[in-house]
Amino acid sequence: MLPGAELTMTITDESGINTVTGGSGAPIALLLDGGDSTDVTDSFVYDVGSHQSGTVDLDLPSLSFGMHTIELAASDNMGNRSTGQLSFEIVSSADFEVRNVANHPNPFPDGGETGTWLMFQLPGPADVRIDIFTVGGRRIQTLDDIPGSAGANQVYWNGLDHVGDELANGVYLYRISAVSESYRGDKAEAIGRAVIMR
């Protein structure tokens, strides 16, 4: 997580939130990843017109990739104490990418039974779409609704265009686009080249 990321926590209690320091422990305290307790009482601000709820806004420190836990403890004006916990994972969108793009056979002779397998790898499950273009940029075929899985994937293309016609000899570009299911909906794409040669 980049330095300066902000976390807003809402605290509500019908008896009001204790913001008076003194005695044992901070009225509002935060624990990050089970570390030492930090007094965040001064960061609490009541909502306008309310004596029962407010927010704590905090600038979080830089956090490493992986799982983290934030625990917030607060007391009401009657001395009752409650704790809430939030677990979250920080992932890098750079980790989600389409890798090792290739097709086999390449070149391939023509459409029908002698098409080609478009191969690629994903770091996790994703919805995949493959668009095929001429080198001039005209889209001639789309293969979509492909359930990509973590690891190696392959999708068969028969070498025909969207109306089922055979294509001329030459180089064709294919773009593999993936939308992750486990990386917060991140998107990635990669380009490959397929050659038809009779």
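Evaluated with a Cβ-only charge set (Lys, Arg +1; Asp, Glu -1), the chain carries a dipole of roughly 920 debye about its Cα centre, given to the nearest 20. Under the simplified labelling scheme, the residue 12-residue 150 pair shows an inter-label distance of 3.7 nm, with each label point 7 Å from Cα along Cα→Cβ. Put a dot 7 Å past the Cα of residue 97, heading toward its Cβ, do the same for residue 46, and the two dots end up 5.3 nm apart. Computed from label points 7 Å out along Cα-Cβ, the spacing between residue 163 and residue 181 is 3.6 nm. Of the options (1) 59; (2) 25; (3) 48, only one is percent of Cα pairs over 31 Å apart as computed from these coordinates, and that is (3). The residues 17, 191, when put in order of fewest to most other Cβ atoms within 10 Å, stand as 191, 17. FRET efficiency for the pair residue 191 and residue 55, taken as 1/(1 + (r/R0)^6) with r the Cβ-Cβ distance and R0 = 41 Å, rounds to 0.35.
Provide the gained length on full extension for the span residue 138 to residue 64, in nm with one decimal, where the gain is 0.36 nm per separating residue minus the Cα-Cα distance.
Values: separation 74, 0.36 × 74 = 26.64 nm, distance 4.31 nm.
This chain segment gains 22.3 nm when fully extended.
Readers should treat all values here as calculations from the given coordinates under stated rules, not as data from a laboratory. Quick caveat: nothing in here was measured; it's all calculated off a predicted structure. Don't worry about glycine lacking a Cβ; one is built from the backbone with ideal geometry, like all the others, and counts go over all protein chains shown.
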